[in-house]
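Take a look at the structure below.
Just so you know, all these numbers are worked out from the coordinates, no wet-lab data involved. Given the structure is predicted, the values throughout are model-derived calculations rather than measurements. Cβ: placed from backbone, ideal geometry, glycine included. Neighbour counts: every protein chain shown.
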Amino acid sequence: MKKKSILNDVIGPIMRGPSSSHTAAAYHIAKLVKMVVQDDFKKVDIIFNENSSWAQVYRMQNSEFAFIAGLIDYSIFNEDFFDLKEIIKDRNISIGFQIQKIDEADHPNFVKLVIITKNDKKLIITAKSIGGGMVILEKLNDWSVQITGEMYNLMIEYEAKQELSVSKLVNQHLALNKTISRQIGNSKHFLHVMQTDTFSKELMISLKKLDIDTWYLKPIFYVKKGDPIFTSIEQMITLTEMKNISLGNVALEYESKVLDLDREEILKEMKRRINIMFSSIENGFEKNQSKMKILEHSASIIYKNEQNGRLFSNSVNTTCAIRALSAMDVVSSGGIICAAPTGGSAGVLPAVLYTLYKDYSIDMKKICYCALAAGVIGLINSYRSTFAAEVAGCQVEIGMAGAMASASIIEAANGSPVNAINAAAISLQNTMGSVCDLVAGLCEIPCHTRNAAVASSAFVCADLTLGGYINPIPLDETIDASLESGKLLPEELRCTALGGIANTKTARKFSL
């Protein structure tokens, strides 16, 4: 079982909107490919499988800019991010996008990159976006690889007659925590080593002297050096009861062990991500910064009407919903956000945490524990399910964000881990079966109001649980049912913009 991390797999990455699967993942794949080719390329063709999710939405979800940024090692924080097509023209670099039938494509977010180097060599790399910004590079030319960006990777292609000398040299310099894969071709062999520590300079110098093809990739995420202290809800609850600690505390303990990091360092990083969440809400109230493609800016207008008492309820639930709309304005405008657990669901948890901070005066350190409590719900989901709407519909994105947010509120209320898990369960049960039918392939309609409604309902789910509602269906079974029902959805209802509300007469007019 692949180890999971809250900071790697659940709350993050920090990215540009709108989509973790199609924007952040494009950037991450390209960053890894950049390490393969270094600066030695003049042309890259990026090919999506026809009728796939990526093929349908890549233009609308800034995938082009994200791929280009990663390939030329360009910061997503640069203000001229959306000028990248002109920037590569000035550098005489060709990066193009195509849609073709790809026989080996076995995932909605499969991509093939065909690279021509400066000396006219050809490299073919295939990869997948697997949800929440996480990725896998699966092939380098004809060699199978499994590169996720969470390890140090060394790949070596050499003549068969060099097998003994290469193997002997590599084995002398490897770390203890490593994985080695050997493949044998007709005339060449391929060695792929993954380890949690960097490779020695002595090894790299010695390999260079052999005049063979080598590729070295550093991690782009946190390296998971330790073993998880739990992977199931039952194990997690047992640990909280044995140590008499909250969900946020057990999440911190888990993350510290898996990433081999000091707890204060994890809290510091979580605070940084929360501040980006809060900034997305505050920036989203600035009408002049809104660059949405379909929706008109509304967050600041609704907020002003709320402040003037023009809304019916004027409740904290509505305030939270407005903040979710504000964050989603930044998501859809291509601004800097923190996925939680995805870009398309990055309004829910930020709005709930901001509301806890502003309206309930929860201090920032406690907010970090609330975020960790939310993260551990997503962590269990990542072990059992997916965060990719392309695979299982909106219920595993915005639906899971609601479950996470409900648990964060229980943490703020000093409720028990069992209460947090039950609040998460009933939240997810009430988004079960939700389709991903984004209009025109954009994370705007119905994503914005869906984020708002789910953020608001997180407080209801928490209150019902704290008030005594007995949840009969456990969270783990609910997660399994969510994945199962999501997979039963036709591909038209899984992030392809081909069905549901996206296929209405009015929605079709918005096609870009």
- [ ] Measure out, as a whole number of angstrom, how far apart the alpha-carbon centroids of the stretch 289-315 and the stretch 115-165 sit.
- [x] 48
- [ ] Evaluate the distance, in nm, between pseudo-label points positioned 7 Å from the Cα of N186 and of L311 along their respective Cα→Cβ axes.
- [x] 6.8
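Too long at a 27 Å Cα-Cα cut-off: which of K291/K487; K168/K188; K89/K287; K243/K268; K2/K128; K2/K188?
Numbers: K291/K487 33 Å; K168/K188 17 Å; K89/K287 32 Å; K243/K268 24 Å; K2/K128 16 Å; K2/K188 30 Å.
In this structure, K291/K487; K89/K287; K2/K188 lie more than 27 Å apart at Cα.
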- [ ] Show which aspartates and glutamates lie in cross-link reach of K121 when reach means a straight Cα distance below 13 angstrom and same-chain residues fewer than eight apart are skipped.
- [x] D40, D213
Open item on the list: Is the C-alpha gyration tensor of the stretch 265-326 telling us rounded, prolate or oblate? Criteria: a/c under 1.5 is rounded; beyond that, a/b larger than b/c is prolate, otherwise oblate.
Closed with: oblate
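Give, in whole angstrom and from largest to smallest, the semi-axes √(5λ) of the equivalent ellipsoid of the chain, with λ running over the eigenvalues of the Cα gyration tensor. Intermediate results must be reported in sequence, preceding the final value.
Values: eigenvalues 305, 153, 78 Å².
In descending order the semi-axes read 39, 28, 20 Å.
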TODO: Quick one: net charge around T179, please, counting Lys, Arg +1 and Asp, Glu -1 for every other residue with C-beta under 14 Å from its C-beta.
DONE: +4
Task: Backbone N within the stretch 328-356 under 18 Å of label point (7 Å from I87 Cα along the Cβ vector) - done: 334-337
- [ ] Would you mind classifying the stretch 151-218 by shape? Square roots of the alpha carbon gyration tensor eigenvalues, ordered a ≥ b ≥ c; an a/c under 1.5 is rounded, otherwise it is prolate if a/b is larger than b/c and oblate if not.
- [x] prolate
- [ ] Go through the stretch 406-421 residue by residue and turn each phi into a ³J(HN,Hα) via Karplus (6.51, -1.76, 1.60, θ = phi - 60°); whole Hz please, and just put x for glycine and proline.
- [x] 4, 5, 5, 5, 4, 4, 4, 7, 6, x, 7, x, 5, 4, 4, 5
Open item on the list: Taking 8 Å as the Cα distance limit and 6 or more residues as the minimum spacing, I'd like the relative contact order of the chain as a percentage.
Closed with: 17
- [ ] Would you list the P(r) distribution for the stretch 372-512, with all Cα-Cα distances sorted into 10 Å bins from 0 and each bin expressed as a whole %?
- [x] 14, 41, 30, 13, 2
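Restricting to bridges with both residues inside the chain, how much of the DSSP beta-bridge set is antiparallel, in percent to the nearest 5? Intermediate results must be reported in sequence, preceding the final value.
Details: 45 of 53 bridges.
The answer is about 85 percent antiparallel.
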Task: Cut-off 11 Å, label 7 Å out along Cα→Cβ of A175, residues of the stretch 206-231 by amide N - done: 219, 223-226
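Excluding N503 itself, calculate the net charge of residues whose Cβ lies under 10 Å from the Cβ of N503, where each Lys or Arg counts +1 and each Asp or Glu counts -1.
Values: positive: K505, R508; negative: D437, E492.
Taking every other residue near N503 into account, the sum is 0.
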TODO: Give a residue-ordered list of calculated ³J(HN,Hα) values for the stretch 243-252 (Karplus: 6.51 cos²θ - 1.76 cosθ + 1.60, θ = phi - 60°; whole Hz; x for Gly, Pro).
DONE: 9, 6, 10, 7, 5, x, 5, 5, 5, 5
TODO: Could you name the aspartates and glutamates whose alpha carbon sits less than 14 Å from that of K4, not counting residues in the same chain fewer than 8 places away?
DONE: E150, D227, E253, E255, D260
Task: FRET efficiency, K291 to D213 (Cβ-Cβ, R0 45 Å, nearest 0.05) - done: 0.55
Open item on the list: Treating only the Cβ of Lys, Arg, Asp and Glu as charged (+1, +1, -1, -1), what charge dipole size does the chain show about its Cα centre? Round to the nearest 20 debye.
Closed with: 740
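Relative contact order, percent, of the stretch 390-512 when contacts are C-alpha pairs under 8 Å separated by at least 6 residues? Before the final figure, lay out the partial values.
Working: 194 pairs, mean separation 49.1, N = 123.
This gives 40 percent for the stretch 390-512.
Could you rank the peptides 279-287, 193-201 by their average count of other C-beta atoms within 10 Å per residue, with the highest value first? Write down the numbers at each step before the final one.
Values: 279-287: 19.7, 193-201: 16.6.
In decreasing order of mean packing, 279-287, 193-201 become 279-287, 193-201.
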Open item on the list: Need the C-alpha centroid separation for the stretch 187-246 versus the stretch 366-430, integer Å.
Closed with: 27
Open item on the list: Less than 12 Å Cβ to Cβ from F387, Lys/Arg counted +1 and Asp/Glu -1: what total charge do the surrounding residues give?
Closed with: -1
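Sort 364-371, 20-27 by packing, meaning the average of other beta carbons within 10 Å per residue, with the highest value first.
Details: 364-371: 21.1, 20-27: 30.4.
The peptides rank, most packed first, as 20-27, 364-371.
For the stretch 230-378, just say rounded, prolate or oblate: build the C-alpha gyration tensor, square-root its eigenvalues into a ≥ b ≥ c, call rounded for a/c under 1.5, and beyond that prolate if a/b exceeds b/c, oblate if not. Before the final figure, lay out the partial values.
On the way: a/c = 2.56, a/b = 1.90, b/c = 1.35.
Prolate is the answer for the stretch 230-378, as a/c is 1.5 or above and a/b outweighs b/c.
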